Amino acid sequence: MKLLRPSSALRTRLSLRPRAVVLLDQRGALTAGELLDQVQLHRRSRGSMAQPRLGALPADASLRQVLVTALAGNGMLELRSSGSTGSPRTQRRGPLTVAQLATLADLGRRIGMRPGKRIACAAPGLHGHGLLVSLGALALGATLVDLSHLPTPERVALLHRSAPDLLTGVPVHLVDLLTADRALDRGQSLRIPRVVSGSDQLSPALRADLSRHFRARVHDVYGTTETGSLIVDGRPLRGVRLREVDGLLHARTPFTAGRELITDRGEITADGVVRVLGRADGMLSSGGMVHDPARVLRLLRSQHGVLDARLRVVPDDRFGVRTIAEVRVAGPEAGRAPSAEELRALVRDRLGAASVPREVLLSGGELSGPELSSPGR
């Protein structure tokens, strides 16, 4: 049963408390009434044109822009899937059902999202992680603090000014904030009661560091764009059904329309704790950005002057893992070989920034080692 259209319900909720501050960012405070004014202006400026689309916003859109666009629509949200359950594609989300609301309510309860709290979000609003947090904060009557797309020192400064009750982001965001706050040493201790990590694997070491530095309760949330959030701290959310088959996690949730989808490699212990071990599709996630190493190899090997290429995957304190490309190039007699920077630029142009190897090592001799070696998890 369809229950509500998120955009119309949120507009109604905002109209009931027009003076409440709903967003804090580099431009200052934004009240509910001011946000509604911007929404109405956006809708009038479009006239009879097609509904506003989040996909039309620039990649570095602020949470303010994302909220205005989402609230100006008719309740349909378009998200780009993560590719965990098949080829990346557009996901369209419409009115919420009772079961979907129950799952989202359980998520909010377990990570500490409450009315009146300040929720600092470092994840971009166009990603499922950032969008869920942003709309959830509005729905609950919490104040959203926009840390997305800011240089790290400015993020830390805004954290100190806003004193949030909850901080959320991809592990790489949390690593940067932790490192910068330690380095800046403002002479005052920043306490954040809850820290929520999502969109990538959270290492035990980073979890311990976040807990100790911010004196926080740290939550690890796992899910996909296709299935919605699945587990918090290893325990499935309400309405989520998970089972393990031959080392793969199969999920059925209120967001999968009755279908069971394979998400990632993982295991479920005898006492019901879910452990995610890695992706099931050969893709890699580095800092929450997903890419296909096989496509990178094919592209490198197709270039004039490149005789062979290998990719190694090594641990990285900041990104979780990083890739190193070892490329065997032809000698001078065969013509000019591409430089390391030229190969990195080629990958960026053809496959996107997430696919660029962190290092490209050129060699004139034979390459040794496996086609793709990965650190154990």
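So here's what we get for this one:
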read-out: R0 of 51 Å, Cβ-Cβ distance Val273-Arg44: FRET efficiency to nearest 0.05; value: 0.50
read-out: Pair Ile262, Asp37: separation of 7 Å Cα→Cβ label points (nm); value: 5.4 nm
read-out: Estimated distance in nm for a label pair at Asp349 and Leu150, the labels positioned 7 Å out from Cα along Cα-to-Cβ; value: 3.6 nm
read-out: Options Leu132, Ser15, Gly278, ranked by Cα towards positive dipole end of the range 2-279, top entry (Cβ charges); value: Ser15
read-out: Estimated FRET transfer efficiency when R0 is 56 angstrom, pair Arg109-Asp308 (beta carbons, to 0.05); value: 0.60
read-out: For the range 134-208: rounded, prolate or oblate by the Cα gyration tensor [a/c cutoff 1.5]; value: oblate
read-out: Ala205-Arg301 FRET efficiency (beta carbon distance; Förster radius 30 Å; 0.05 resolution); value: 0.25
read-out: Net +/- balance of residues flanking Arg17 in space, Cβ distance below 13 Å, scoring K and R +1, D and E -1; value: +2
read-out: Pairwise centroid distance, computed over Cα atoms, of the range 230-283 with the range 153-209, Å; value: 28 Å
read-out: Packing rank of 120-130, 268-278, where each peptide gets the mean count of other beta carbons within 10 Å, highest leading; value: 120-130, 268-278
read-out: Check: the range 2-279 dipole with +1 on Lys, Arg Cβ and -1 on Asp, Glu Cβ, in debye; value: 920 debye
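Read-outs: derived from the displayed coordinates by stated rules, not from any lab. What you see is a predicted model, and the numbers here were worked out from it, not measured in a lab. Every residue, glycine as well, gets a Cβ built from its backbone with ideal geometry; the counts of neighbours run over all protein chains shown.
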